[in-house]
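The block underneath contains the structure these notes are about, expressed in structure tokens.
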Amino acid sequence: MTPKREPFKAMILAAGRGERMRPLTDALPKPLLCVGNKPLIEYHLDNLARAGFVDIVINHAHLGQMIETALGNGERYGINICYSHESIALETAGGIVKALPLLKSKVGNEPGEQPFLIINADIYCEIDFSTLLPILQQMKASLDGDSAHLVLVSNPEHHPDGDFVLDFGRLALTGKEKLTFSGIGVYKPAFFRGVESGLVAKLAPMLCQEIAAGKVGGEHYKGVWVDVGTPECLRILDDQLSN
């Protein structure tokens, strides 16, 4: 049965240079590197389509035209893709802010200013994105509720200290053992208020500010998640998916 199509947008962050992945990324943007005979970004597109997300925004900078050429308008994935080009990479928050006109535009008869899903392109994850639809609905319905909801994962070997504390669905900066931010989150447009479009802006300080204000929820995803940050990580994941 075809999944219910919900009027929420998703954005894949694909503008990073991939310095740790060089020399592979000297001639190919990181999201197009293949694992299991398939570009890394296509796993996200397929998972989003299965979950009922239709309108997808992808930002790009380094060799970005290659991403547009490879993915096209999204028709073969059953989705609609719009692109946000950055002449220089604007970091995570800066890239999202530049793409806000695309993310805030209306979907069907639904109003703009709806929350949206953000996903880092340089991860491999088998999460069912449809599990985040209730969060999107809840954030849409609540004017004074959370401004963000983050998916956390168990700390990988290369990041043993984690990022944030998860305590009964709420995020904190200090407390018990920290978990690692997966690069998957839901945000309201208002989260980015005050950031000027076209400027470089990091996401982490903004998250810390909102978490300190008690405005960020979260969850612990315990399934398959890989930070594909180096050629060795790429090789290991390729072997796993190919076999």
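Between 17, 22, which is within 17 Å of the chain's Cα centre (by Cα) and over 16 Å from residue 124 (Cα atoms)?
That would be 17, the only listed residue that is within 17 Å of the chain's Cα centre (by Cα) and over 16 Å from residue 124 (Cα atoms).
Select from segment 208-243 the residues that are in a helix (DSSP H, G or I), within 22 Å of residue 136 (Cα to Cα) and in contact with a helix residue (DSSP H, G or I) (Cβ under 9 Å, 6 or more places away or on another chain) and list them in ascending order.
Correct list: 210 only.
Filter segment 46-63 down to the residues that are within 16 Å of residue 15 (Cα to Cα) and either modelled with pLDDT of 95 or more or under 17 Å from the mean Cα position of the chain (by Cα) (or both) and list them by number.
56, 57, 58, 59, 60, 61
Looking at segment 8-55 only, could you name the residues that are within 21 Å of residue 114 (Cα to Cα), out of contact with any Lys or Arg (no Cβ under 7 Å at 6 or more places or on another chain) and part of a strand (DSSP E or B)?
If the condition is that a residue be within 21 Å of residue 114 (Cα to Cα), out of contact with any Lys or Arg (no Cβ under 7 Å at 6 or more places or on another chain) and part of a strand (DSSP E or B), then 10, 11, 12, 13 are the ones that fit.
Considering every residue within segment 102-121, establish whether at least one is part of a loop (DSSP other than H, G, I, E, B), crowded, with 16+ Cβ neighbours inside 10 Å, in contact (Cβ under 8 Å) with a residue 24 or more places away in the chain and in contact with a Pro (Cβ under 6 Å, 6 or more places away or on another chain).
Yes; the residues of segment 102-121 include at least one that is part of a loop (DSSP other than H, G, I, E, B), crowded, with 16+ Cβ neighbours inside 10 Å, in contact (Cβ under 8 Å) with a residue 24 or more places away in the chain and in contact with a Pro (Cβ under 6 Å, 6 or more places away or on another chain).
If I ask for residues that are in a strand (DSSP E or B) and exposed (fewer than 13 other Cβ atoms within 10 Å of the Cβ), which ones from segment 148-180 would you list?
Within segment 148-180, just 167 meets the criteria.
Looking at this structure, is residue 133 surrounded by 13 or more Cβ atoms within 10 Å (Cβ to Cβ) and assigned to a strand (DSSP E or B)?
Taking the combined requirement at face value, the residue does not satisfy it.
Given the structure, is residue 218 surrounded by 15 or more Cβ atoms within 10 Å (Cβ to Cβ) and among the small types (Gly, Ala, Ser)?
yes
Filtering segment 196-214 down to residues that are buried (at least 18 other Cβ atoms within 10 Å of the Cβ) and out of contact with any strand residue (DSSP E or B) (no Cβ under 6 Å at 6 or more places or on another chain), which residue is farthest from residue 89 (Cα to Cα)?
207
The values are calculated or read from the model by the stated rules, or taken from the named source; none is laboratory data. No experiment lies behind these values; they were computed from the predicted model shown. Using ideal geometry, Cβ is built from the backbone for each residue, glycine included, and neighbour counts are taken over all protein chains shown.
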